[in-house]
Amino acid sequence: MRQILLGLSLALLSSCTSSPSAAPVISSASSQADKDAASAQRRVWFEDARFGLFMHWGLYSALEGSWKGRTMPDASLPNGKSWYAEWIQKRLEIPDAEYRALAKDFNPVKFDAEALVLEAKRAGMKYIALTAKHHDGFGLWDSKVSDFDLGSTPCKRDILGELADACRKHGIKLGFYYSHWEDWEHAGGARPEWEKQPNDASFEGYWKGKALSQVSELIARYNPDMFWFDTWGTEGGQITPKRRDELIDLIRREAPQWLINGRICYHDPGKDVDFLEMGDNEFPKEWPGKPWQSPATMQHSWGYHAKDFAWKPSGEMIRLLSQCSSLGGNYLLNIGPKADGSIPAPVTRRLREIGGWMAANGPSVQNTKRLGAAPWGWWTQSKDGTRLFAHVHRWPSDGILPLGKVEHELSSAAILETGMALELRQANGESSVVIPQTAPDAWDTVIELRIKN
Ligand code: FHN
């Protein structure tokens, strides 16, 4: 039974078989080929991981999406129509002094780095990216170059250090989100699009005096594995290719193992970022030509918003995870802790539900190769090439799952979660599997197909 997988482009299949782990480690790469090889080496863990935890947490978390009787979104304000609670300062027009005074009360006594890391790990996530600094300019550590930071709060703990230690202890990679472009606290930082922007000299003052210095500080103090920078297309006035490359060079010099995402300069990421970062909750329909990641919310907001009830069902997020995997991308799922550091109950519930699915089905998304879409869902293949996984999102009602022409000779089919064997059929050069009438998992039943060696 030597057949071809229907609906898959051969080019796509062959381009995903190269082994990045064979690339040499190069820290001061010069030619583009050397840089690409070093990037492939850096990315091995990331591409195997497929699933990470994003965390938006800062001063804004304390306002929970509301301020002085107004709740986001508030259409009565000119720029108030957004659910993004981490933008509350600008969207609800909070005076700077009043917003900055929130630091006096920021004391995350319920933040438990180890519990958080274990929660992420149980959900099947392999890395965590936390907002070390978001657009408001507040640093979640005691920074030497700014007083708008954890050092100016009653909290005398090293939150990022605690997280870094817990990640290391439990084998989870650590990333920092750092808002290198927008910074509303520094006079030279970029402002929301409806406000006057700083002139270039002023931005340069911010760039050298705060952004680059704080990135160096984060590297020296915490030595994590990934930087998550944030722009979304309108950054061109300030984030020029020269500044983009200056920041990339700094990181490559000081921390050659760090991954850098494409949103360091969304409109022109250049050739030296390690992976592309999609827009918010944006999922490509095909391989975008480079490793990639989609940052995604569980509700509308990224930061904690007590009145945002648009919770996605866990199954919907599981589907997005398998879709990302099938197209060679990563799913970075966000949570917004409360200001005291605790995790909202609906978040914990969802992480655990996803973790339940991942406990059995993890091998169908992690350490896999991309294969692409099928009429009923998505294909993936184990990295070692021995198994195909059919992620069935639309369960056929006639008891037959059509596989089309499969390139490999198959030896068995089973439901991955339970091990229940299914009958494999072959007729007219096409394969199919006899399936139960009712989907064992209404969102994503994974059928494992073993390949004969
Ligand atoms: O403005 C930010 C937003 O607050 C959030 O951090 C997201 C995450 O992808 N990025 C920006 C908007 O794209």
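The values are calculated or read from the model by the stated rules, or taken from the named source; none is laboratory data. Remember, it's a predicted structure, so these values are computed and weren't measured experimentally. Counting neighbours? That spans all protein chains shown, and the Cβs are built from the backbone with ideal geometry, glycine included.
Mind checking which residues of the stretch 284-297 are among the hydrophobic types (A, V, I, L, M, F, W, C) and within 13 Å of the ligand (Cβ to nearest atom)?
Ala296
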**Message:** Step by step: first the residues of the stretch 360-385, then only those that are among the hydroxyl-bearing types (Ser, Thr, Tyr) and out of contact with any Pro (no Cβ under 9 Å at 6 or more places or on another chain), then the one that is nearest to Lys121 (Cα to Cα). Which residue is that?
**Reply:** Ser364
**Prompt:** Would you say Glu93 is out of contact with any strand residue (DSSP E or B) (no Cβ under 8 Å at 6 or more places or on another chain) and on the phi > 0 side of the Ramachandran plot?
**Reply:** yes
**Prompt:** So which of His170, His135 is touching a helix residue (DSSP H, G or I) at 6+ places or on another chain (Cβ under 6 Å) and either modelled with pLDDT of 95 or more or not assigned by TED's automatic domain parsing to the domain that holds Gly58 (or both)?
**Reply:** His170
**Prompt:** What number goes with the only condition from (1) in contact with an Asp or Glu (Cβ under 7 Å, 6 or more places away or on another chain); (2) within 16 Å of the ligand (Cβ to nearest atom) that Ala360 does not pass?
**Reply:** (2)
**Item:** All helices (runs of 4 or more DSSP H) inside the stretch 68-160 with 3 or more residues being buried (at least 20 other Cβ atoms within 10 Å of the Cβ)
**Value:** 88-91, 113-122
**Fill in**
Per the filter on the stretch 257-279, residues under 26 Å from Gly188 (Cα atoms), within 15 Å of the ligand (Cβ to nearest atom) and part of a loop (DSSP other than H, G, I, E, B) are Cys265, Tyr266, His267, Pro269, Gly279
**Complete:** Restricted to the stretch 38-67 and to residues being part of a helix (DSSP H, G or I) and touching a Leu at 6+ places or on another chain (Cβ under 7 Å), the residue farthest from Glu119 (Cα to Cα) is Arg42
**Request:** For residues that are more than 16 Å from the ligand (Cβ to nearest atom) and surrounded by 24 or more Cβ atoms within 10 Å (Cβ to Cβ), scanning just the stretch 319-333, find the one that is farthest from the chain's Cα centre (by Cα).
**Result:** Ser326
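Please determine whether any residue of the stretch 416-433 is in contact with a His (Cβ under 8 Å, 6 or more places away or on another chain) and in contact (Cβ under 8 Å) with a residue 12 or more places away in the chain.
no
Can you list the strands (runs of 3 or more DSSP E) found entirely within the stretch 334-453 that contain at least 3 residues being within 20 Å of the chain's Cα centre (by Cα)?
Where strands (runs of 3 or more DSSP E) fall fully within the stretch 334-453 and carry at least 3 residues being within 20 Å of the chain's Cα centre (by Cα), they are 368-374.
Would you point out which residue out of Ala120, Ala103, Ala85 is assigned by TED's automatic domain parsing to the domain that holds Phe309 and within 16 Å of the ligand (Cβ to nearest atom)?
Numbers: Ala120 fails: within 16 Å of the ligand (Cβ to nearest atom); Ala103 fails: within 16 Å of the ligand (Cβ to nearest atom).
The conditions single out Ala85.
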**Message:** Of everything in the stretch 298-309, what is more than 16 Å from the ligand (Cβ to nearest atom) and small (Gly, Ala, Ser)? Give them in sequence order.
**Reply:** Ala306
**Request:** Among the residues of the stretch 384-403, write down those that are in contact with a strand residue (DSSP E or B) (Cβ under 6 Å, 6 or more places away or on another chain) and closer than 27 Å to Lys285 by Cβ.
**Result:** Arg387, Leu388, Phe389, Ala390, His391, Val392, His393, Ile400, Leu401, Pro402, Leu403
**Asked** For the stretch 337-356, does any single residue satisfy the condition of being within 16 Å of the ligand (Cβ to nearest atom) and in the same structural domain as Ala113 (by TED's automatic domain parsing)?
**Response** yes
**Asked** Being basic (Lys, Arg) and not in a loop (DSSP other than H, G, I, E, B), is that true of even one residue in the stretch 308-326?
**Response** yes
